[in-house]
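Enquirer: Quick one: structure below, then a few questions.
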Amino acid sequence: MALSVNPEHASYLILAASQVFTINVLRADQQSLAGHFGTQSCRTVDKLASIPWREGGTGAPVLLDALAYFECEVIREVEAGDHRLVIGRVVDGAVLAPNAPPLLYAATGNLDGSAELYPKEFCEGQQET
């Protein structure tokens with residue numbers, strides 16, 4: 001698995017220190033949870049304080065209400081412009097809600113503020129959040 005993270009963000013410092021991460025796959029009905037995690041800094045908000053979670057085998061957080069999760073150990077990092085591409089080896093995972101549809105990136109609209117990076121045709125038909 002891989003993720004891209006800005007090394008200036010507080011979450012990168014946590015990732016770099018622990019060398020583990022969890023990818024929690026959200027259900028389609030968890031758009032507000034995506035906003036909770038994706039639009040606030042952990043420098044000012046304890047993002048896990050109000051969310052049911054458990055510590056996974058690696059120590060990384062597993063969201064109890066997620067559709068699925070993948071626990072990973074970092075095996076490599078690569079510079080990618082103003083971000084770091086972090087590559088992890090999956091060491092554990094499970095499907096927690098097998099009948100639930102996943103939250104798709106396209107359904108999040110402009111949650112991450114990246115719509116301006118894409119051609120207008122790419123965003124046609126997508127709802128704004």
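Laboratory data are not the source of any read-out in this text; all were calculated from the coordinates shown. Not measured: the values here are computed from a predicted model. No Cβ is skipped: glycine too gets one built from the backbone with ideal geometry, and neighbour counts run over all protein chains shown.
Enquirer: Taking the Cβ of each residue in Ser18, Ser11 as the centre, tally the other Cβ atoms inside 10 Å and list the residues starting with the fewest.
Expert: Numbers: Ser18 13, Ser11 17.
Final ranking by Cβ density, sparse to dense: Ser18, Ser11.
Enquirer: While we're on this one: 5 Å is the cut-off here: which amide hydrogens, built 1.01 Å from N in the peptide plane, fall below it relative to Leu103, excluding neighbours closer than 5 in sequence?
Expert: Hits under the 5 Å cutoff: Leu26, Arg27, Ala28.
Enquirer: Per the Kirkwood treatment, what hydrodynamic radius in Å, one decimal, follows for segment 2-123 from the mean inverse distance over all distinct Cα pairs?
Expert: Values: mean 1/r = 0.0642 Å⁻¹.
Hydrodynamic radius (Kirkwood, Cα pairs) of segment 2-123 is 15.6 Å.
Enquirer: While we're on this one: Run the numbers for Glu116 and Leu64: contour at 0.36 nm per residue of separation, minus the present Cα-Cα distance, in nm.
Expert: Values: separation 52, 0.36 × 52 = 18.72 nm, distance 3.34 nm.
Full extension of this stretch gives 15.4 nm more.
Enquirer: Under 13 Å from the Cβ of Glu55, count the other residues' Cβ atoms, weight Lys and Arg +1, Asp and Glu -1, and hand me the total.
Expert: Values: positive: Arg54; negative: Glu71, Asp92.
Counting the neighbours of Glu55, the net charge comes to -1.
Enquirer: Sequence gap at least 6, Cα distance under 8 Å: using those rules, report the relative contact order of segment 2-123 to the nearest whole percent. Let's see the in-between values first.
Expert: Details: 184 pairs, mean separation 38.1, N = 122.
Over segment 2-123, the number comes to 31 percent.
Enquirer: What are the ³J(HN,Hα) values, in whole Hz, obtained from phi via the Karplus relation 6.51 cos²θ - 1.76 cosθ + 1.60 with θ = phi - 60°, for each residue of segment 62-69 in sequence order, with x given for Gly and Pro?
Expert: Each residue of segment 62-69 in turn: 10, 6, 5, 9, 6, 5, 7, 8 Hz.
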